[in-house]
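The values are calculated or read from the model by the stated rules, or taken from the named source; none is laboratory data. In this text the structure is predicted, and so the values were computed from the model without any measurement. We place every Cβ from the backbone using ideal geometry, glycine too, and count neighbours over all the protein chains shown. Side chains are part of the model used for accessible areas, which takes the heavy atoms of the whole protein and leaves out ligands, DNA and RNA. Shrake-Rupley method; radii C 1.70, N 1.55, O 1.52, S 1.80 Å.
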Amino acid sequence: MVKKDEEMSVSSETKGPLKSFQALMGEGEKFSRDKLYTKAIQCYTEALDLLPPDEDKATEKDTIDRLNGLVARSSCYLKIGKNDLSLQDAEQSLKTNKEFTKGLYQKAEALYAMGEFELALMFYHRGKKVRPDLREFQLGINKAQEAIDNSVGDPNRVKLEASGDLSIFYKNDEDESKKKKKQPMGYVRASQKKDTAVQRKQHAPVANPKTTKQILGDLYEDRAFLEKIINNTVVTKANTKTGDAIYQLASEGLDYLDSRTEFWRQQEPLYARSRSIKKLEGDEESYKHIRHELEAIDDQQNKDQFLDARRRGHRLLDFCDRLDERKFAEKQSVLADVYSRLGNAYLELGDYNKSLEYHNRDLKIAETKQFSERSSRALDNLGRVYARSGQFPQAIQVWEKKIPLATSSLEKAWLFHEIGQCHFGLGDYERSKLYGERSFTEAVAVNDTVWQLNAKVLVAHSQTKLRQYREAEQTFVEALALAKDQNDVAAERAIERAMKEAQDQIAKGAADTPPDRTEINYEIKVRSNDNILYGDNDQSTIRLTIYGDNGSSGAIDFRTDENDPKKYDGQSVTFKKKALDAGKMTKITLSCTDIESWPLDSIEVTDSKRKAKHRFLLAAPIDATTTIVDLYLEGSIVSSDATTKDEKKNKTLGTLVSRQSPQTTKRNEPVPPSNRTNDGNKNSKTTKPDEKKSKTPKKDTTTDKKSTPAASTVNEPSSNSNKNIGYTITVQTGSVEFAGTDANVFLSLYGDKNKIVRFQLQKSKNNSNPFERGHKDEFEFENINIGQLKTITIEHDGSTIGAGWYLDFIDVTYNNNTVNFPIDRWLAINENDKRIRLELEPNTKPTSKIAAEDTNVENATEYEITVKTADKRSAGTDANVYISIFGDKGKLERRQLKEAISGKLNLFESGATDRFQVFAADFGKIQRIRIEHDGSGIGSGWYIDSIEVRYVARNETYKFPVDRWLDSGEGDKRISLDLEPDKKPGQLKDENNTDQKGNTEQNRGTTDE
């Protein structure tokens, strides 16, 4: 029986029928995003029904619309398992244009889902031939090839032997070599050309046969067989067609097994896992059940079914908890395996706290049982969680513990690169460069060109940040050669843009000039538990360097005068030093020369420019082996013992940094409020570093007894007449599906006397887990009196997967007054106007800044927007592009230009002209437009030639000449332009672009920070 809602047209659910093709496509896209695929299919079907049935009479636009509609519906059919219908739509889309890339990709996906891996592989290759720059086709080729390889059969059933008389293989070779062949005259086909000689390399013997045999299991015999073939000079006779072919096949097989050995060493393959659990008498059924469940969890995670994997993992965990360890001696090992898989599932689901909890449990068992490989696995996973959530100090600490456990050069290449990325994110470009060079060395050792490329890019970007532009140019040249060897078109384009930026800086003379940063005053408060014990060297020194989002401050000597021979004794003291402005502080380092020991407690640094005060703690003790030691922000130190669940909940998560390109990411750092007094009564008793690391900051006894959550910026200094008052913030999360968020939430209050900027709402009074769906959370704190509340800003940092948040309202209560701020909308990067930051006025509901498709509004009007990118080197961009249109009757704000009329996927390329169709209310006569991009991606700078906006109904065309860069590294550094018809824009004179008309909203919104 068909359900009623399946028979009903989707358009009937709205107030009026949606008769526009674009409107129905938009509705279908929305349903598809919400995973309501059946409704999406209905929308796409209705949209396709609106097009002319006779394709011969259809316009070019109708044809493009039909193709896009078929592909969209095909994708939805695939999601609900109707593979045959998906294939049918994909094939229909290819009838008109056999090189339609979306259709090729969708047909390949449908064939893959149906198990037709060979056919799928063929269409993935066809798509890649048409669009070699699209990564999706290469990924499809990889997975189809892997599926084919896996479908060949069980390797255990085939036992090969290197025996018998193999000379027959060479008889033909020898006979052919004796024959005199006539040289072909004229044109020689490619197939007739002489084969190039096979390059033979030396294969290193197995370093640890026992371990390798345990990891490979039955495949170890196959590896030994391949090794025997390679070493047999008769079988693999050089410079013969058959011998070279056998050698090449055996060599590739050996390389594959060796690479998988290193991978499985961390991931624990089924072969090794079956031996890690001893079959004990009486526990055969338990053993079989555990092995089956672990394999099932792995399979679900490989298919991205992380919710199912998590549920299954918890069921298996309950089963293992009930096992009697006296009868099942491997219980702890099994528990560690389950914890590891649960941690990975929670990571992919975006629950970083849970992921950390389970990976820490895995690490605790591994360290207790002294399982070095499991310890390495757990540290690896912990580092990934920290890095993905933007907690770079924690990631560095964890991964540095893993370095001694890394056994292969390939593993070290990856590890050094990731540590370097984290240092880059903290502004320590010297260290990121160093680790990038170490990563490259290890990648060369195993001839891995992918990691060679990644390492070179990291080094080059670090050199750019260090103003070593000539060195950066050379490194980019080397990286570009590696990208071309790998046929990575996207990497080539990004590297060329970044290299051009370095070359432009060289041309400007920037390579020979010091950093164009001003010096500011820092107050450095050192808290020590005892004197420094110096070595015998008279030249012993201590220097401090501050790092932030502007780079480093340079070395700061602890002596009053650098020429003063008297050494700093290490006692608690306050320095006032002038140094380069490092920006928002992320960490500090101490360079120590010839120091035996120093029981340092902490260092507090105050930035005079931003009025920001940060307390830094040691990541490792200072002893005779110390040359450089890092101090990280309070709350960022990872304890050597597994951290408990409650402690993890109190940690702040940051934003995710791209793995493809190193970019400085601002983190939310806990900063004490400006009215907090110094803890002069702090106990001076010596505390072990491990004891300090897991403790929360000590509350000052001179402040009020109520706890004050950390804020990420400091409030403006208040006058002595301003006394602290109490604030109660009530936050109501909506009841729609997936309304809650685990991201970090910040609130700013702006009054007529003062303001409180980016106060973190961290500990809810009535809910242990705040901002859950349908929850009302209350936060209480005391701070300066801001006077009458005028506006507030609510935002989150998007630090978790699925961080989108649906917010109903916020109430602010102070001085017995309650002010209501209605919201009723998403704060999500994938919803509505994609904002995660809102400025709110009392009793006023916010409006959308990125207009939705308005084809369903009365008198919807069609506009055609033509954007021409200049035909010059590196003019294109991969950033997200937005347009706003302002007329005398209305406006359209921040519409993203993402779907061209032509259907092509790679937009805004050098020399390209892209046309877009926009439906919205009538603006009247267009007075100006705003074009902007978000600066995402390496070398996101964009050189625009011109823009045209055509009012289709009236056939009016407005031309906007541009002929300039939108680039944060070019000219006036603007990435947003306001344009008037027939007027070419100029350059802002102020290079700092401060408080000028060209500032984007994002720049204006962060001036208080």
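Hey, any idea what Rg/Rh is for region 520-632, computing Rh the Kirkwood way over Cα pairs?
0.94
For the pairs 95/128; 402/525; 369/402; 102/456; 79/107; 433/584, flag any whose C-alpha to C-alpha distance is greater than 24 Å.
Among 95/128; 402/525; 369/402; 102/456; 79/107; 433/584, the Cα-Cα distance tops 24 Å for 402/525; 102/456.
What span do the alpha-carbon atoms of region 289-398 cover on each of the three principal axes, reported in whole Å from largest to smallest?
Extents along the principal axes: 42, 32, 19 Å.
If packing is taken as the average count of other Cβ atoms within 10 Å, what order do 436-445, 389-398 fall into, highest mean first?
For the peptides 436-445, 389-398, the packing ranking is 389-398, 436-445.
Please give the solvent-accessible surface of residue 321 in Å², to the nearest 10, using a probe radius of 1.4 Å with every protein chain present.
80 Å²
Which shape class applies to region 19-138: rounded if a/c is under 1.5, otherwise prolate when a/b exceeds b/c and oblate if not, where a ≥ b ≥ c are the square roots of the Cα gyration tensor eigenvalues?
Oblate shape, in that a/c is at least 1.5 and b/c is the bigger or equal ratio.
What size of dipole, in debye to the nearest 20, comes out for region 406-513 about its Cα centre when the only charges are +1 on Lys and Arg C-beta atoms and -1 on Asp and Glu C-beta atoms?
Its charge dipole is roughly 240 debye.
Could you give the length gained on full extension between residue 58 and residue 752, defined as 0.36 nm per residue of separation minus the Cα-Cα distance, in nm?
Separation in residues times 0.36 nm, less the Cα-Cα distance, equals 243.7 nm.
If you take the beta carbon distance between residue 841 and residue 29 as r and set R0 to 30 Å, what does 1/(1 + (r/R0)^6) give as a FRET efficiency, to the nearest 0.05?
Calculated value: 0.40.
Would you mind calculating the gained length between residue 925 and residue 318 on full extension (0.36 nm times residue separation, minus the Cα-Cα distance), in nm to one decimal?
211.7 nm is the gain from fully extending residue 925 to residue 318.
Residue 557 to residue 516: FRET efficiency via 1/(1 + (r/R0)^6), r the Cβ-Cβ distance, R0 25 Å, to the nearest 0.05?
0.60
Under a 1.4 angstrom probe, counting protein chains only, how are 601, 742 ranked by accessible area, largest first?
Correct descending sequence by accessible area is 742, 601.
Please give, to one decimal in nm, the separation of the simple spin-label points placed at residue 259 and residue 591, each 7 Å out from Cα toward the Cβ.
It is 4.1 nm.
Can you compute the modelled spin-label distance between residue 628 and residue 905, with each label point 7 Å from Cα toward Cβ, in nm?
Result: 4.1 nm between the two label points.
Enter the accessible area of residue 261 (Å², nearest 10), with the probe set to 1.4 Å and all protein chains included.
Answer for residue 261: close to 10 Å² accessible.
Which shape class, rounded, prolate or oblate, goes with region 421-519 when its Cα gyration tensor gives a ≥ b ≥ c as root eigenvalues, a/c under 1.5 marks rounded, and past that a/b bigger than b/c marks prolate?
Because a/c hits 1.5 or more and a/b fails to exceed b/c, region 421-519 counts as oblate.
Would you mind listing how long region 495-552 runs along its three principal axes, going by Cα atoms, in whole Å with the largest first?
53, 27, 22
Using 0.36 nm times the number of residues separating residue 608 and residue 978, minus their current alpha carbon distance, what extension gain do you get?
The residue 608-residue 978 span can extend by a further 129.7 nm.
Quick check on packing: order 541-550, 777-786 by the mean number of other C-beta atoms within 10 Å, highest mean leading.
541-550, 777-786
Based on the alpha-carbon gyration tensor of region 860-979 and its eigenvalue square roots a ≥ b ≥ c, which shape applies: rounded if a/c is under 1.5, prolate if not and a/b is larger than b/c, or oblate?
Since a/c reaches 1.5 and a/b is larger than b/c, the shape of region 860-979 is classed as prolate.
Return a single number: how many Lys pairs in region 860-979, at a sequence separation of 8 or more or on separate chains, have alpha-carbon atoms below 18 angstrom apart.
7
Compute the distance from the alpha-carbon center of region 22-61 to that of region 352-414, in whole Å.
One Cα centre to the other: 47 Å.
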